[in-house]
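A short worksheet on the structure shown next.
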């Protein structure tokens, strides 16, 4: 029996994953990811600071010429307290439908989603993620995504806790085109054409591929499709100059620098809709549990791609968490047990350390139900779950 199958059997259909840290050469770390203060530049100063943690990822980061072969990809913990040595992608490839279920395996041949915690002290640049049509040109998939702002990671909300979405409906394409044409000449001030919304903890948004946006400085839990493709349309962000290649990195060679092709990446209808907040803002939606000591609420829903749920188990309580699809789970508060594993929220991790806060639950185990016990006398045990697009219980509409 292979190591993966052994671990999968021992965990009764649940895999424990190790932390996956991702550096970025832009912006600066908010230092709220519970990583040791000395380790935020562990990839080397030339790679920039660690600003993201990826969860349940089979995707290699698109992070410049020095990107490691498995950078951004999750590993499975194969022993108690030992660093992972088996790629999660290899586990998915070996276990196939046993892990992700028949529907996802037949449609995609992989786990097609992942989530991340991103943690920037300053707002991100104004950018968009390619849809499938444009991503196919560079051999990638499109990247729709959702946001949720967990209170547990936001003791500070950074320097600019507001997020820009789209353009004001009065903005014309010629105004945006002029900003792109002046990318190398002067500060294009493109966010003057946008609209910003103050971040409210405990709520979220859905952002379709092709919609321009600039996330604020709060730590954000981001369930998303299995890709890492960006076009940066803002050339100066809070004094930081964004180099030209960030504008064109996700263009095929035949279109490099073509402004008309860049404009075509923007989903103009969705980026300028007057009811943007009414359409894409997400208040939590309660999910009935039938159990007294556990609360569940959907925090990402009403889209065709990804979903997420927040689960709270009260102190000194045990509950069964049942779902209709596989998912990745992150413990964000408290300690106890998750299935056969001990679980705990980290206070401070060293780079390369294992943790006990990240798990991938197979479809069969999810349907059977995961027994969760909160061993704290005081604190709730809080879990975030991210799903792909095959959970039939996810709310389809915003009410």
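The values are calculated or read from the model by the stated rules, or taken from the named source; none is laboratory data. Owing to the predicted nature of the structure, the values given are computational and were not obtained by experimental measurement. Please note: Cβ atoms are built from the backbone with ideal geometry, for glycine as well, and neighbour counts cover all protein chains shown.
Data overview
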read-out: Complete set of residues in the stretch 133-164 that are over 16 Å from residue 118 (Cβ atoms) and in contact with a helix residue (DSSP H, G or I) (Cβ under 6 Å, 6 or more places away or on another chain); value: 134, 141, 142
read-out: One residue from 382, 347 being surrounded by fewer than 23 Cβ atoms within 10 Å (Cβ to Cβ), touching a residue at least 12 places away in the same chain (Cβ under 8 Å) and part of a strand (DSSP E or B); value: 382
read-out: Index of the failed condition, residue 84 passing every other in (1) at pLDDT 95 or above; (2) closer than 26 Å to residue 371 by Cα; (3) surrounded by 19 or more Cβ atoms within 10 Å (Cβ to Cβ); value: (1)
read-out: Output for the stretch 202-232, where each listed residue is in contact with a helix residue (DSSP H, G or I) (Cβ under 7 Å, 6 or more places away or on another chain), closer than 19 Å to residue 132 by Cα, modelled with pLDDT of 95 or more and in a loop (DSSP other than H, G, I, E, B); value: 208, 210, 211, 212
read-out: Top-ranked residue of the stretch 350-379 - restricted to ones that are buried (at least 22 other Cβ atoms within 10 Å of the Cβ) and out of contact with any strand residue (DSSP E or B) (no Cβ under 6 Å at 6 or more places or on another chain), ranked as nearest to residue 50 (Cα to Cα); value: 362
read-out: Criterion (crowded, with 19+ Cβ neighbours inside 10 Å, at pLDDT 95 or above and under 17 Å from residue 242 (Cβ atoms)) met by exactly one of 148, 183; value: 183
read-out: Residue satisfying all of: in the stretch 186-198; assigned to a loop (DSSP other than H, G, I, E, B) and surrounded by fewer than 19 Cβ atoms within 10 Å (Cβ to Cβ); farthest from the chain's Cα centre (by Cα) among these; value: 186
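Each row is one residue, and each column tells you yes or no for (1) surrounded by 15 or more Cβ atoms within 10 Å (Cβ to Cβ); (2) closer than 30 Å to residue 232 by Cα.
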| site | (1), (2) |
| --- | --- |
| 273 | yes, yes |
| 286 | no, no |
| 291 | yes, no |
| 327 | yes, no |
| 338 | yes, no |
